[in-house]
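Quick notes on the structure that follows.
The values are calculated or read from the model by the stated rules, or taken from the named source; none is laboratory data. The shown structure was predicted, so the numbers you read here are calculated from the model rather than taken from an experiment. Glycine gets a Cβ as well: all are built from the backbone with ideal geometry, and neighbour counts include every protein chain shown. The area values use the complete protein model at the heavy-atom level, side chains included, leaving out ligands, DNA and RNA. Shrake-Rupley method; radii C 1.70, N 1.55, O 1.52, S 1.80 Å.
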Amino acid sequence: MGKYIPNAFNLIVVIYVALGSTSCSYGLAILGSTVGQPSFYKSLGLAMQGEPGYARTASLIGAFNGVGAAGACVGAIINSWSADALSRKLTIQIGAVILSLGAALCAASVNVGMFVFARLFAGVGIGMLVTCIPMYQAEVSTPESRGFMVSMHGIMFAVGYGLSSWIGYGVYFISAAGSDSTFPWRFPLAFQAAPALLMLIGSPWLPYSPRWLMSQDRFEEAEAVLKRLHDRKGEDNHETAIKEFYQMRKQLEQDRQVQASISRFEVFRTAANRKRALIVAAMMWFNMFTGVLIIANYAVLLFTQLGLTGSTPLLLLAIWITISFPGNVITALFIDKWGRRKFMLVGATGIEVALILECVLQAVYTGSTNAAGQKAAIFPIFLFICFWSSCFDATQYLYMSEIFPTAIRGQGTAVGMANQFAAQIIILVAGPIALNNIGWKFFLVMACPTAVYIPVIYFFFPETQNRSLEDINAEFGDKVAVHYYGATAEEQDEYAQAIDIEEHGGMLSAKTALADAVHHVEKV
């Protein structure tokens, strides 16, 4: 299978669960093409761009996106409890159900109030899925392939973005042909449920996270799942999976000795955990203030301001979003080789250049009669997505899912995603109003925090490349029971003994393992 994939089953699991990711990105982006459908405005009694009363429409478009982000924030907070209490798997299933119901309500909306509620409801499902899926993917992956595997979340996110834009572009021609049908905006909104329902149908087949099983003291089941997920060609006795299982169990027992219970606010209790929480919060706020969702959701409005009409703005949006797919593939193929920090530093620098170029070109040519200059202003928008998709889209979810210990990973990812959605509320609500009132100056608002982001990444974000999830604890000053990455000779002997025991009748009994862990903690 190569260096990225231990076996086909592991790859199928991370791709299949990422069907939920496709539904999330589709739901987050679908309003971008919905606002390009004339029948949408007519059905909800809204003025179109250029018509009297459009200021109210701009505020409502911001509200439609804002309440979706607010619902997603609630979903992320729910995940902080449900991912640990109910399991990662059940949380994903519940999120898929809520998202599907919300999509149906969106498509059936008959007025602004119903549409606002439907977007809020669907947002809860999005928040649960987008928070839990990369965490689940990280926990079922090997240390060496985790970057590639969690990047499947980003790749399937790109698929969802692409579907939303191309479906929106295709149905536009129904209205362009003179039809008054509401199908061009209702069907795309309903289609959001399709990938989630497909994932839901096959979800009973998905394994539980082995780390969650161990947290529930279901050690034998966890070991069996881990061996199936991490079975490698050429290993008759699952030696590598046994090493991983041994480290996970030793770390679990050490954590239980040091910390008798996990509080509801454990993620803020220790200095190391507060540092993790601050890093993911900063990452999400900075990422949203690059303006990626402004372009994704309001590109049709941007292109219209640059003098483009008819189906052309929708076509450019579809092409722009489609570029994110190969960008995420680049992340999957190279992030385990080059590292997370390098990707983020290159991405932030490239995005800053794109934002400055766009700001300058729009300042000079927006509202002018210079058609060539207006077309030139389209280039930085496409340069932006090249850097975003290849350096940040998948990387942010990978990094967030890696840096928290297993016991609080649910809390930690919830903190990260809650901050992302809080930032989305501000950006998406302000976006159409700002574009309508201050135009090109809004790109200056996004360029300033992006410039600050570059030194923040350089000085405060530790590298997690090729470390096991347990090894990463050391980057934050926590003790590691036994290292997988950079193991000492003594630790290698421990692994050899564990493998030898497995080959002669099974792993250590729970009592022996606990005593061994206590002895190790006392030595530390």
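Checking each residue of the range 394-406 against the condition of being over 13 Å from the mean Cα position of the chain (by Cα) and open to solvent by 50 Å² or more (accessible area, probe 1.4 Å) gives no match. The condition of being touching a Lys or Arg at 6+ places or on another chain (Cβ under 7 Å) and of a type in the set (Gly, Ala, Ser) does not hold for Gly50. Looking across Ile351, Ile335, Ile321, one residue alone is of a type in the set (Val, Ile, Thr), more than 23 Å from Glu402 (Cβ to Cβ) and open to solvent by less than 10 Å² (accessible area, probe 1.4 Å). It is Ile321. All of Met114, Met152 fail the test of being under 18 Å from Ile15 (Cβ atoms) and open to solvent by 10 Å² or more (accessible area, probe 1.4 Å), apart from Met152. Annotation note: Cβ proximity below 8 Å between a residue of the range 327-340 that is among the basic types (Lys, Arg) and a residue that is open to solvent by 10 Å² or more (accessible area, probe 1.4 Å) (sequence gap 6+ or interchain) occurs for Arg340/Glu463; Arg340/Gln465.
Okay, residues lined up against (1) in a helix (DSSP H, G or I); (2) not aromatic (Phe, Trp, Tyr):
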{"site": "Tyr161", "(1), (2)": "yes, no"}
{"site": "Gly170", "(1), (2)": "yes, yes"}
{"site": "Ser175", "(1), (2)": "yes, yes"}
{"site": "Pro184", "(1), (2)": "yes, yes"}
{"site": "Leu198", "(1), (2)": "yes, yes"}
{"site": "Lys227", "(1), (2)": "yes, yes"}
{"site": "Lys233", "(1), (2)": "no, yes"}
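No other residue among Ile61, Ile94 is open to solvent by 10 Å² or more (accessible area, probe 1.4 Å) and either among the β-branched types (Val, Ile, Thr) or part of a helix (DSSP H, G or I) (or both) apart from Ile94. If you check Ala281, Ala271, Ala296 for being more than 30 Å from Glu223 (Cα to Cα), touching a residue at least 12 places away in the same chain (Cβ under 8 Å) and either of a type in the set (D, E, K, R) or open to solvent by 50 Å² or more (accessible area, probe 1.4 Å) (or both), only one passes: Ala271. Could you check, for the range 78-87, whether at least one of its residues is over 30 Å from Phe148 (Cβ atoms) and among the charged types (D, E, K, R)? No - not one qualifying residue is present in the range 78-87. Looking at the range 443-452, can you tell me whether even one residue there is polar (S, T, N, Q), more than 23 Å from Met156 (Cα to Cα) and open to solvent by less than 20 Å² (accessible area, probe 1.4 Å)? So far as the range 443-452 goes, yes, one or more of its residues are polar (S, T, N, Q), more than 23 Å from Met156 (Cα to Cα) and open to solvent by less than 20 Å² (accessible area, probe 1.4 Å). Exactly one residue among Leu99, Leu120 is under 21 Å from Pro195 (Cβ atoms) and crowded, with 24+ Cβ neighbours inside 10 Å, and that residue is Leu99. Answer with yes or no whether Arg56 is modelled with pLDDT of 95 or more and either of a type in the set (Lys, Arg) or in contact with an Asp or Glu (Cβ under 9 Å, 6 or more places away or on another chain) (or both). Criteria not met by Arg56. If the condition is being open to solvent by less than 10 Å² (accessible area, probe 1.4 Å), assigned to a helix (DSSP H, G or I) and over 18 Å from Gln420 (Cα atoms), then the range 24-38 contributes Ile30, Leu31, Gly32, Ser33, Thr34.
Being outside any helix (DSSP H, G or I), over 18 Å from Asn297 (Cβ atoms) and at pLDDT 90 or above holds for only one residue in Pro462, Pro455, and it is Pro462. Under the condition of being more than 20 Å from Glu235 (Cα to Cα) and either open to solvent by less than 30 Å² (accessible area, probe 1.4 Å) or at pLDDT 80 or above (or both), the residues counted in the range 488-524 number 7. Applying the selection to the range 39-58, what residues are part of a loop (DSSP other than H, G, I, E, B) and either of a type in the set (S, T, N, Q) or open to solvent by 20 Å² or more (accessible area, probe 1.4 Å) (or both)? Scanning the range 39-58 gives Gly45, Met48, Gln49, Gly50, Glu51, Pro52, Gly53.
Evaluation of Thr304 against the conditions (1) among the polar types (S, T, N, Q); (2) open to solvent by 30 Å² or more (accessible area, probe 1.4 Å); (3) at pLDDT 85 or above shows that the sole unmet condition is (3). Within the range 224-247, is even one residue surrounded by 21 or more Cβ atoms within 10 Å (Cβ to Cβ), under 29 Å from Ser389 (Cα atoms), touching a residue at least 40 places away in the same chain (Cβ under 8 Å) and more than 21 Å from the chain's Cα centre (by Cα)? Yes, because at least one residue in the range 224-247 is surrounded by 21 or more Cβ atoms within 10 Å (Cβ to Cβ), under 29 Å from Ser389 (Cα atoms), touching a residue at least 40 places away in the same chain (Cβ under 8 Å) and more than 21 Å from the chain's Cα centre (by Cα). Residues that are more than 19 Å from the chain's Cα centre (by Cα) and crowded, with 20+ Cβ neighbours inside 10 Å within the range 411-433 comprise Val429, Gly431, Pro432, listed in sequence order. So, Tyr169, is that one farther than 16 Å from Thr22 by Cα and touching a Leu at 6+ places or on another chain (Cβ under 6 Å) or not? Yes; evaluated as a whole, the condition is true for this residue. Here Cys106 meets each of (1) more than 22 Å from Pro210 (Cβ to Cβ); (2) more than 16 Å from the chain's Cα centre (by Cα); (3) open to solvent by 40 Å² or more (accessible area, probe 1.4 Å) with one exception, condition (3). For the range 1-23, the set of residues classified as among the aliphatic types (A, V, I, L, M) and part of a helix (DSSP H, G or I) consists of Ala8, Leu11, Ile12, Val13, Val14, Ile15, Val17, Leu19, listed by residue number.
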